[in-house]
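Note sheet for the following structure.
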Amino acid sequence: MASIKVSVNQDSCIACGVCYSLCPQVFEAGADGKSQIVPQYRTGDKVFEGEVDESLKDCVETAKNSCPTFSISAS
Ligand code: SF4
């Protein structure tokens, strides 16, 4: 099954909450309100990098395209 690499730029994220409102399956709020990847999809030891199944592509794309600071990358 194909997967998508997802990451959040912690420097540019302004903790607006849009991504984890739209796609809580993949994104959640960190302690400071900035977005991070939910535990089940994290890769390595960084909370803001992960990999999700292709079935979550629309969810991730919607969040990515709605982020006001273009902080979400998905490939
Ligand atoms: S939508 Fe963008 S700026 Fe807002 S919390 Fe998510 S990553 Fe951060």
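The values are calculated or read from the model by the stated rules, or taken from the named source; none is laboratory data. What you see is a predicted model, and the numbers here were worked out from it, not measured in a lab. Note that we place each Cβ from the backbone using ideal geometry, even for glycine, and neighbour counts take in every protein chain shown.
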* Qualifying positions in the range 20-75 - modelled with pLDDT of 95 or more, touching a Lys or Arg at 6+ places or on another chain (Cβ under 7 Å) and loosely packed, with under 15 Cβ neighbours inside 10 Å -> E51
* To do: Keeping to the range 1-27, report how many residues are more than 9 Å from the ligand (Cβ to nearest atom), within 11 Å of the chain's Cα centre (by Cα) and of a type in the set (S, T, N, Q).
  => 2
* For S7: the one exception among (1) within 18 Å of S66 (Cβ to Cβ); (2) touching a helix residue (DSSP H, G or I) at 6+ places or on another chain (Cβ under 8 Å); (3) of a type in the set (S, T, N, Q) -> (2)
